[in-house]
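Participant: This is the structure I want to talk about, given as structure tokens.
The values are calculated or read from the model by the stated rules, or taken from the named source; none is laboratory data. Computed from a predicted model, the values in this text were never measured in an experiment. Cβ sites come from the backbone with ideal geometry, for glycine too, and all protein chains shown count toward neighbours.
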Ligand SMILES: [Zn+2]
Ligand SMILES: [Zn+2]
Ligand SMILES: [Zn+2]
């Protein structure tokens, strides 16, 4: 798949939803429908010193742009690759003597590029970036006030010779960023690090149960010759078989919410009323609110109400303690909450899944792998009943559960889950994504350990204990990143 090739998708009139893209040929699960480099993108203000402004990888040691002292890069290769995007920004920052907010920086990067390339960067770009939906007319009062402030700070920052823009046009640009900005994550998929605009992706409509997913591929910078580096890009990937002519959709929100809550999020954030099949039928709402049945008995309505209210409050306290880094308090609260939920809420209930998710993550951070694994497994079993079988969140959750089992010394379960996650990630991320490649090496490792285990259990455990004594457990660093990432 060459970046920019749009032969598999075609623009069409999607009725009430406006423009849309549909398949231009039969697609199979895991196929890249198209890959698109960003029109423009910026690193979040809060992470400006920790993430490379060119490839968006999180790195320990970055080099600062000597001129503006704001942009950071892995090395000269990344800096050179990005200079075209940064050149005018670098000058504007120096001139103003300060750095404006991320959305102002993105708006300016968009306009500098628009001036240079007149909006269309290649034949395969189906629409000019300033023609995307902006929904400025739908913004509530508070947002309009913010918009005014942003436009004001943009105009102070903007310097492009005689080229000036009306306040209305700049407002449209901010509206476009708000509605179409795609969040970019780091190379491990653990943390949101920036935001970018992808004009063709902006044409793909939402469905809560979509047939495609979009991932950021950071490209490959490992070749010595920089001409052989592959570009940072998003990939739209088919989650299932899609027949020629069917609309291509992605989900703008996570599926794990009641349909009414998803609809509200979509209304507030993207200004449309979701009429997808799953929202119309309230599909899976029943499972997300399900109560448990033990010995054929259901809990009373009052009991369910009481436990739901308790869980809601407890989840807020759990989140508070987590942000404060008080992980032992988090574990204590999770235990209390799960005890209350026992025999009242089913394992697919959203409140229970949220507690299980935090409990497994934090316990694994604290190296209580066996307990963490047991919670992770219950969570994954719940997720499998709710998510699309090829959902990326599901794949990542199974991956984490598998690694936790592996660290808990339960190699059979661990390896099984890692294989299952690998199968999903091949579809959602593809074989060349850094997450998939990391998982592949873990899979090779666990496969080897599993063989050893099957040949001689005793020897396996002895070797494992010796190995654990000699080296720090590898999982904690990635869990640590995840925990920190949650605060963003
Ligand atoms: Zn870089
Ligand atoms: Zn600079
Ligand atoms: Zn929907």
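Participant: For segment 1-40, enumerate the residues that are in contact with a helix residue (DSSP H, G or I) (Cβ under 6 Å, 6 or more places away or on another chain) and over 15 Å from residue 132 (Cβ atoms).
Facilitator: 29, 30
Participant: Sticking with this one: Look at segment 63-82 and say how many of its residues are part of a loop (DSSP other than H, G, I, E, B) and within 13 Å of ligand 2 (Cβ to nearest atom).
Facilitator: Residues in segment 63-82 being part of a loop (DSSP other than H, G, I, E, B) and within 13 Å of ligand 2 (Cβ to nearest atom): 7 in total.
Participant: Of the numbered conditions (1) more than 13 Å from ligand 1 (Cβ to nearest atom); (2) touching a strand residue (DSSP E or B) at 6+ places or on another chain (Cβ under 8 Å); (3) touching a residue at least 24 places away in the same chain (Cβ under 8 Å), residue 57 fails exactly one; give the number of that condition.
Facilitator: Status for residue 57: all satisfied but (1).
Participant: Looking only at segment 278-312, how many residues end up being more than 29 Å from the chain's Cα centre (by Cα) and more than 13 Å from residue 340 (Cα to Cα)?
Facilitator: Number satisfying all stated conditions: 9.
Participant: Continuing with this model, one more query. Got at least one residue in segment 83-97 being more than 16 Å from ligand 3 (Cβ to nearest atom) and assigned to a loop (DSSP other than H, G, I, E, B)? Outline the logic, then answer.
Facilitator: Applying the first criterion (more than 16 Å from ligand 3 (Cβ to nearest atom)) to segment 83-97 yields 83-97.
Now narrow it down to the ones that are assigned to a loop (DSSP other than H, G, I, E, B): 97.
Within segment 83-97, one or more residues are more than 16 Å from ligand 3 (Cβ to nearest atom) and assigned to a loop (DSSP other than H, G, I, E, B).
Participant: What is the residue count in segment 328-374 for residues that are in contact with a strand residue (DSSP E or B) (Cβ under 9 Å, 6 or more places away or on another chain) and assigned to a helix (DSSP H, G or I)?
Facilitator: Total meeting the criteria: 2.
Participant: Oh, and also: Looking only at segment 190-218, count every residue that is within 16 Å of ligand 1 (Cβ to nearest atom) and either in contact with a strand residue (DSSP E or B) (Cβ under 7 Å, 6 or more places away or on another chain) or closer than 27 Å to residue 275 by Cα (or both) and tell me the total.
Facilitator: Qualifying residue count for the region: 6.
Participant: Return yes or no: is residue 54 modelled with pLDDT under 95 and within 16 Å of ligand 2 (Cβ to nearest atom)?
Facilitator: So residue 54 passes the test.
Participant: Now for a separate question. Report, by residue number, each residue of segment 231-262 that is over 13 Å from residue 204 (Cα atoms), more than 16 Å from the chain's Cα centre (by Cα) and surrounded by fewer than 20 Cβ atoms within 10 Å (Cβ to Cβ).
Facilitator: Result: 231, 240, 241, 243, 244, 245, 257, 258, 260, 261.
Yes or no, residue by residue, for (1) in a helix (DSSP H, G or I); (2) within 26 Å of the chain's Cα centre (by Cα):
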position: 145; (1), (2): yes, no
position: 171; (1), (2): yes, no
position: 176; (1), (2): yes, yes
position: 183; (1), (2): no, yes
position: 188; (1), (2): no, yes
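Participant: Of the conditions (1) away from ligand 3 (no atom under 16 Å from the Cβ); (2) out of contact with any helix residue (DSSP H, G or I) (no Cβ under 7 Å at 6 or more places or on another chain), residue 277 clears all except one; give me its number.
Facilitator: Residue 277 satisfies every listed condition except (1).
Participant: Within segment 238-252, which residues are at pLDDT 95 or above and either assigned to a loop (DSSP other than H, G, I, E, B) or assigned by TED's automatic domain parsing to the domain that holds residue 355 (or both)?
Facilitator: The answer is 239, 240, 241, 243, 244, 245, 246, 248, 251.
Participant: So which of 433, 388, 367 ends up being within 30 Å of residue 328 (Cα to Cα) and either assigned by TED's automatic domain parsing to the domain that holds residue 322 or without any contact (Cβ under 8 Å) to a residue 40 or more places away in the chain (or both)? Spell out how you get there, then give the answer.
Facilitator: Values: 433 fails: within 30 Å of residue 328 (Cα to Cα); 388 fails: within 30 Å of residue 328 (Cα to Cα).
The match here is 367.
Participant: Considering only segment 73-89, state which residues are surrounded by 18 or more Cβ atoms within 10 Å (Cβ to Cβ) and touching a helix residue (DSSP H, G or I) at 6+ places or on another chain (Cβ under 9 Å).
Facilitator: Matches in segment 73-89: 73, 79, 81, 85, 86, 88, 89.
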